[in-house]
1. Hey, does the stretch 81-90 have a residue that's over 15 Å from PRO46 (Cα atoms) and either in contact with a Phe, Trp or Tyr (Cβ under 8 Å, 6 or more places away or on another chain) or modelled with pLDDT of 95 or more (or both)?
2. When only residues in the stretch 44-77 that are within 19 Å of the chain's Cα centre (by Cα) and open to solvent by less than 40 Å² (accessible area, probe 1.4 Å) count, which is farthest from TRP97 (Cα to Cα)?
3. Run THR99 past the list (1) closer than 28 Å to LEU51 by Cβ; (2) of a type outside the set (A, V, I, L, M, F, W, C); (3) open to solvent by less than 30 Å² (accessible area, probe 1.4 Å) and report the number of the one that doesn't hold.
4. Out of all the residues in the stretch 78-92, is one or more under 29 Å from SER143 (Cα atoms) and either among the polar types (S, T, N, Q) or exposed (fewer than 13 other Cβ atoms within 10 Å of the Cβ) (or both)?
5. Tell me the residue from ALA55, ALA81 that is of a type in the set (A, V, I, L, M), assigned to a helix (DSSP H, G or I) and farther than 24 Å from TYR126 by Cα, please.
6. Within the group GLU84, GLU119, GLU134, GLU138, which residue is within 24 Å of LEU29 (Cα to Cα), free of Cβ contacts under 8 Å to residues at least 24 places away in the same chain and not basic (Lys, Arg)?
7. Give, as residue ranges, the helices (runs of 4 or more DSSP H) completely inside the stretch 114-174 that count at least 2 residues that are at pLDDT below 90, open to solvent by less than 50 Å² (accessible area, probe 1.4 Å) and within 20 Å of LEU103 (Cβ to Cβ).
Amino acid sequence: HLCKRVVSWGPLKREEKTAEQKRLVLTFLDELIVAKTSHYLSIPYPQTSSLCLVARLILGDPADMRSIDHWAQVAAMSRRAFTEHFRKETGLSFGDWRTKVKLHAALKALSAGKKSITEIGGDLGYQNTSSFIEVFREQFGLSPKKYMEREKRNQDAVAASNDTVGNGDDQKFG
């Protein structure tokens, strides 16, 4: 419903938008960012206790690059049973699931802003920065640097709009 409402206005210049329209556009953008990011950040959790053990261990150390055979052994399963059950319970292959875990950790580290992209990639077990950037770009459509620049711009835009919304230019909302 919100999407249809925003689109129904057609193209508007910033100065042509009412305070209500500005708030709705910002709400729409926030929802869009949350929806897009939550898809990538949603890490499905297996139900079987042996697979839960594997998941907890990897979530505790996303850089752990031990083989699928190792994790199957931890789960007390054959490799084939492990991969089949993991996919059935999470909807993802083990490799794709582990990549999501790594990317979730990467986003947290990038947001903290205390480490370089190279350090983050290394901390997560990537062989080199290029590999990390490639995987990140495949998932998010941007390099880690560009992604964080976009996030900063979005945060700045929201902060700027919060400064202008409620400044008396829309009396309906007090």
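The values are calculated or read from the model by the stated rules, or taken from the named source; none is laboratory data. Please read these numbers as outputs of a predicted model, since none were measured by experiment. Counting neighbours? That spans all protein chains shown, and the Cβs are built from the backbone with ideal geometry, glycine included. In case anyone asks, the SASA skips ligands and DNA or RNA and just uses the protein heavy atoms, side chains included. Shrake-Rupley method; radii C 1.70, N 1.55, O 1.52, S 1.80 Å.
1. no
2. Applying the filter and picking the extreme gives ALA63.
3. Tallying (1) closer than 28 Å to LEU51 by Cβ; (2) of a type outside the set (A, V, I, L, M, F, W, C); (3) open to solvent by less than 30 Å² (accessible area, probe 1.4 Å), THR99 fails exactly one: (3).
4. Within the stretch 78-92, one or more residues are under 29 Å from SER143 (Cα atoms) and either among the polar types (S, T, N, Q) or exposed (fewer than 13 other Cβ atoms within 10 Å of the Cβ) (or both).
5. The conditions single out ALA81.
6. Of GLU84, GLU119, GLU134, GLU138, the one residue that is within 24 Å of LEU29 (Cα to Cα), free of Cβ contacts under 8 Å to residues at least 24 places away in the same chain and not basic (Lys, Arg) is GLU138.
7. Once the helices (runs of 4 or more DSSP H) in the stretch 114-174 are filtered for at least 2 residues that are at pLDDT below 90, open to solvent by less than 50 Å² (accessible area, probe 1.4 Å) and within 20 Å of LEU103 (Cβ to Cβ), what remains is 144-164.
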